[in-house]
Amino acid sequence: MKQLKFLLTIATLALLFGACNKENSTVLKTTQLSMQPGTAARLVVEPNIDGCTFVSSNGAIATVTTTGWVIAKQAGTVSITVKKDNEDVGVCAVTIAGAYVEPYREPYLNFGATPSQIKTYETRTLLFEDEDMLAYFGENTYVDFVMYLLEDEVYTESAVLIPDNGPNKDLLLAFLNKKYIYDGEDEDIIAFVSEDMKTAVIVLTADFMEEVYHWAVYLDLEALLEGFLGSNKKSNLSNGLTTKEIREAVKKISQKVW
């Protein structure tokens, strides 16, 4: 009888222990997602994502960040596998369809334009204007500011300021990779160029008004190549422009605002 009671006690403890383990285990709550290209969605993992890894079955269709944000790139289906301590947590089936959603409308790219030409193009709300700059509020929650720099009332460069939140940088890079040619990196500077070699886009992270922003700085590539690299237009832009020179350009933009 004592042996039977002992065995029953052990069995009860085992059941309770198993139930507690199941209750405290990591669970992927998001098992299906429907998305449009150019959007992001976060996987829900309970009780938290600490120690979890995320892997996409096809990075050309969708990527996933280390914090569980799925970045939809193009139409198709993909599986996101979640693991913890090398054990499977779950799989999310992602279906991507529909038109590409651009995170923002790019600035006017006709360098050399006048302020009146920029205003004709812009549909965003004007925030600030003087002889050196036109600044606009962003058109959505993804973008805070869009700025145009002027010299002698001529448009020279522009910048889109994106808050350092969630998947914002990943969405920005996916968008620029779709529209431009990746041209290399130098430290934390990422360079893109247009196919016609007329526009360069430099991405970096820098403070502005005591907040951290991802900057997409649009530059006149023809003028840059002429000024920094002479006539050798085949040179890699990120190697031709030093980090110091790019940061000085960003500093010049930020100083002109307030």
Residue count, the range 95-118, condition assigned to a helix (DSSP H, G or I) and either surrounded by 15 or more Cβ atoms within 10 Å (Cβ to Cβ) or of a type in the set (Val, Ile, Thr) (or both), comes to 2
Taking the stated definitions as given, is ALA135 surrounded by 14 or more Cβ atoms within 10 Å (Cβ to Cβ), more than 29 Å from ASP170 (Cβ to Cβ) and not basic (Lys, Arg)? no
Does the range 58-69 hold any residues that are exposed (fewer than 14 other Cβ atoms within 10 Å of the Cβ) and either among the polar types (S, T, N, Q) or within 13 Å of LYS83 (Cβ to Cβ) (or both), and which are they? THR66, THR67
Looking at the range 31-80, which of its residues are farther than 22 Å from ALA97 by Cβ, part of a strand (DSSP E or B) and among the polar types (S, T, N, Q)? THR53
When the residues of the range 72-91 are filtered to those that are touching a Leu at 6+ places or on another chain (Cβ under 6 Å) and not small (Gly, Ala, Ser), which remaining residue is surrounded by the fewest Cβ atoms within 10 Å (Cβ to Cβ)? VAL89
Looking at the range 144-155, I want the residues that are at positive phi and assigned by TED's automatic domain parsing to the domain that holds GLU129 and have a partner that is assigned to a loop (DSSP other than H, G, I, E, B) and at pLDDT 95 or above with Cβ atoms under 9 Å, at least 6 apart or on another chain. Which pairs are those? GLU153/THR114
Is it the case that the range 1-17 has a residue that's more than 30 Å from GLY138 (Cα to Cα) and at pLDDT 95 or above? no
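The values are calculated or read from the model by the stated rules, or taken from the named source; none is laboratory data. What you see is a predicted model, and the numbers here were worked out from it, not measured in a lab. Every residue, glycine as well, gets a Cβ built from its backbone with ideal geometry; the counts of neighbours run over all protein chains shown.
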